[in-house]
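Peer 1: Would you mind keeping the following structure in view while I ask a few things?
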Amino acid sequence: MSPQVKKKRSTTKKVQLVKLAHARSGDKGDTANVGLIALKPEYYPILAKQVTRAKVVKHFRGIINGDVERFELPNLNALNFLLHGALGGGGTISLKTDAQGKVFSTALLRMEIDVPRGLKVG
């Protein structure tokens, strides 16, 4: 008989950002601006570590055509993202349903990140 292998319990769990933050979004030309604000100050370090530029690029793949910039605002417990090429040319010329970028905040809040298993959220 083969020895039983114990499954190691993960020290993290997946959680949607909506449990950790709220967000606002808007536009400037063809760029959507998304602010992600921690619901509690203790959530900010997790957001800063887990919500990377690369993860946001992957999350919005196929929706935006340009680069993503990330800015840290630790004094506000927030991150800000600029999603270039997200609005089909901008509010006055775009044929997109959301040419002002208002739903990008809701879309970002659906992203899942890893958090410590013992963290109380929601």
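Peer 1: Under unit Cβ charges (Lys, Arg +1; Asp, Glu -1), what dipole magnitude, rounded to 20 debye, does segment 13-115 have relative to its Cα centre?
Peer 2: Dipole about the Cα centre, nearest 20: 340 debye.
Peer 1: Can you compute 3J(HN,Hα) from phi for each residue in segment 43-58, using the Karplus curve 6.51 cos²θ - 1.76 cosθ + 1.60 with θ = phi - 60°, rounded to whole Hz and x for Gly and Pro?
Peer 2: 7, 4, x, 5, 4, 4, 7, 8, 9, 7, 4, 4, 5, 5, 4, 5
Peer 1: So what's segment 13-115 giving for Rg/Rh, alpha carbon basis, Kirkwood Rh from the mean inverse pair distance?
Peer 2: Computed over Cα atoms, the ratio is 0.97.
Peer 1: Another one. With an 8 Å cut-off on Cα pairs and a minimum separation of 6 or more residues, tell me the relative contact order of segment 13-115 in percent.
Peer 2: That works out to 41 percent.
Peer 1: Say the cut-off is 18 Å between C-alpha atoms; which of LYS28/LYS49; LYS8/LYS40; LYS28/LYS55; LYS19/LYS49; LYS58/LYS120; LYS19/LYS58 go over it? Walk me through the numbers on the way to the answer.
Peer 2: Numbers: LYS28/LYS49 27 Å; LYS8/LYS40 30 Å; LYS28/LYS55 22 Å; LYS19/LYS49 16 Å; LYS58/LYS120 27 Å; LYS19/LYS58 20 Å.
Check vs 18 Å cut-off fails for LYS28/LYS49; LYS8/LYS40; LYS28/LYS55; LYS58/LYS120; LYS19/LYS58.
Rule-based calculations on the coordinates, nothing more; no lab input. Computed from a predicted model, the values in this text were never measured in an experiment. No Cβ is skipped: glycine too gets one built from the backbone with ideal geometry, and neighbour counts run over all protein chains shown.
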